[in-house]
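Taking it in order: structure first as structure tokens, then the write-up.
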């Protein structure tokens, strides 16, 4: 990643006086083009901002007229939405508002696995037969030329509300409301589907002079804006600011149940929690099942029904996480095995068994990880379907448009889209879009740029600063979260956290000894910086056990070049037979500024130890416990490269081979019960305090014994499930090999404790 430092801008005194508070707030406003006190007031306070008229959207007058006539004549209105959060909230908002205005309305959201996006003609015919007179689309419809023609031929009136890019040929609808008709600079140009739906109801209410309380619907708008990653500028920012207020006090029973299942407090909801906790849950049901119950959830006043749907959503969300991980891992393995695919300008992969509902999530992770566009496809019939995610510099929908002759259909935004095509066209599509991508990106890999807003010292970070900067929220596209940096840091401690141990909690330290905790989302598998480094981070807060505390979020790190220490230059301190090892360790901690303790077992709670999973370079290394093998000791020394080594001799807590097997079996049962059966051998080795070789042979022992079955999912990841109970033919051989290795382990333990330190190292 490239760090780009934003230059300070001379601050006008009147602007600083108006904004007040920390000067950083005013600096950020200036960097984002806000230069006058009036502009600042409107940006910071939604009660001052003047939103654009709903009727500035082209087609709005005709749309309102259609709805007024339909309501007056009690015509059957069918709201046709989409299965993502934007579509769910759009549908809910329109159905709720139209019913309150006296309309005869029903709704339908396509089932992704059977119907995909848009309007399914067979399902449309069912609604036509059932008496639908006005078809009202939301978050969909702009590309449905044929199906809109089908509806019109059957005598239906059609009103399209959408926000996706305009196709070359527009459907023949009575009215189309889409902000894409506006100039990009218009304050309504970035509306998502739910924003268009809200503006439609706003205009309808004004025209009818109805007493409908629109503020109660802003919670839905907030959910849709964040979930659809809409720009947080102009009217979108205003609607999100207002919507968050409504959301935090929302009386929607279904939403309250959803938050309860997710263990979230409504009062704490912000754009980050919506984006990472609430939206994925709502999206999960649309990706893996039928999203229509979400509308019921958001409308119901029945506690029992709300409980049932919320429980279903929570279960599907867990399934979504597992499937996303599996597809992402499988795709990554394909990339690693093929240099041709890996070095192509765009990732395009197909597998017949990949679930269609999570392809977009997996593609997004691949695009972020490899910093190039990604398209994942699934299906084994004549037609395959997929999702695309892009990077800065490539409009993925435009890229697909260049290959339109090979596609059955496509659509989306600059950064995301969907497509379908005949399987036989896949090779030609891969070649064609690769050529376009290479030209668009000028044959250069896209380097992600991190904008650094200011350099801050750790000692200057506090909750008052967080509160001041939070005035600039909500953050998102067009108003990105602030990124700061601190320099000349070291890792004081680190541990993995999360239900699946996928995150890291890192404590950083500066040269003055100031420390600060940092959360590194999805950072468990990424190596920590060695030695001194600079850190880019977001500044936040969280509630820990009822106490509000400062929280930094890891963005990126830049290592400083460390000094290499030759083995012969190392100083070795021998505490292997110390009578007071804890006192000796405490003395070392007080005397040494850059010290790392290697300990995987038996370290008292008052001390922080590092395992093989979170080693870093350090001047002083403490070997607290007896290493399981000479290879393990060597790998620790190579990772830390210490100038000084302190040898201690605490023994492992697993006394014999039988206890080791029982302990290993317990860890595998935990993986089955809590981690969908997934584990890595190295993680087990750390948890046992044993060598990787010992753990691998122990796994073979348990497999041949019939206690467990193992399936390799990647070079690192293994899946375990209960065994058949039938002992394998190779058990005797494996058992003998295990006994031999255990004796070697015991012999090394004795050698470590009794040998001279120079001989040991």
Rounded to two decimals, what is the ratio between the C-alpha radius of gyration of the stretch 657-751 and 2.2 N^0.38 Å?
1.05
Projected-area average for the stretch 67-125 over all orientations - Cα convex hull basis, square nanometres:
4.2 nm²
For the chain, take every pair of Cα atoms, bin their distances at 20 Å starting from 0, and report each bin as a whole percent.
14, 42, 32, 11, 1
Cα axis of helix 581-591 to longest principal axis of the chain: angle in degrees, 0 to 90, nearest 10?
60 degrees
In a Debye calculation with equal point scatterers on the alpha-carbon sites of the stretch 256-360 and no solvent, what is log10 I(q)/I(0) at q = 0.11, 0.14, 0.20, 0.25 Å⁻¹?
-0.45, -0.65, -1.00, -1.33
The Rg/Rh figure for the stretch 151-281, Cα atoms and Kirkwood Rh, to two decimals is 1.02
For the stretch 2-124, report the convex hull volume of the alpha-carbon atoms normalised per residue, in Å³, without decimals.
203 Å³
In nm, to one decimal, how far is the residue 133 label point from the residue 260 one, both placed 7 Å along Cα→Cβ?
4.1 nm
Taking just the alpha-carbon atoms of the stretch 337-489, what radius of gyration and Dmax come out, in angstrom?
19.5, 62
Please report Rg over Rh for the stretch 127-218, where both radii come from the alpha carbon positions and Rh follows the Kirkwood definition.
1.01
The stretch 112-169: mean projected area of Cα convex hull, nm²
4.1 nm²
Which values, in whole Å and largest first, are the semi-axes of the equivalent ellipsoid of the stretch 450-559 obtained as the square root of 5 times each eigenvalue of the Cα gyration tensor?
21, 17, 15
Share of Cα-Cα pairs in the stretch 318-373 beyond 19 Å, whole percent, is 22 percent
Along principal axes, Cα extents of the stretch 461-523, largest first, whole Å
34, 33, 18
For the stretch 213-303, which semi-axes, largest first and in whole Å, follow from the square roots of 5 times the eigenvalues of its Cα gyration tensor?
20, 15, 13
If you fit an axis through the alpha-carbon atoms of helix 731-754 and take the longest principal axis of the Cα set of the chain, what angle between them do you get, 0 to 90°, nearest 10?
60 degrees
What value does the stretch 189-345 have for Rg/Rh, both radii from Cα atoms and Rh as Kirkwood defines it?
1.07
Expressed in angstrom, Rg and Dmax over the Cα atoms of the stretch 338-427 are 12.0, 33
With a bin width of 10 angstrom, please list the P(r) values of the stretch 54-246 as percents of all Cα-Cα pairs, from the 0 bin to the one holding the largest distance.
10, 40, 38, 12, 0
Hydrodynamic radius by Kirkwood for the stretch 567-653, inverse mean 1/r across distinct Cα pairs, in Å, is 12.9 Å
Tell me the Rg and the Dmax, in Å, that the Cα atoms of the stretch 503-542 produce.
10.8, 29
Just for the chain, what percent of DSSP beta bridges are antiparallel, to the closest 5?
55 percent
Using helices alone, I'd like the mean residue ellipticity at 222 nm for the chain: each DSSP H run of four-plus residues gives -39500 (n - 2.57), total over residue count, nearest 500.
-12500 deg cm²/dmol
Based on the inverse mean of 1/r over its pairs of different Cα atoms, what is the Kirkwood hydrodynamic radius of the stretch 2-42, in Å?
10.5 Å
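Values quoted throughout were computed directly from the atomic coordinates according to the rules given, and no laboratory measurement underlies them. Predicted, not measured: the structure shown is a model, and the values here were computed from it. Note: ideal-geometry Cβ built from the backbone for every residue, glycine included; neighbour counts use all protein chains shown.
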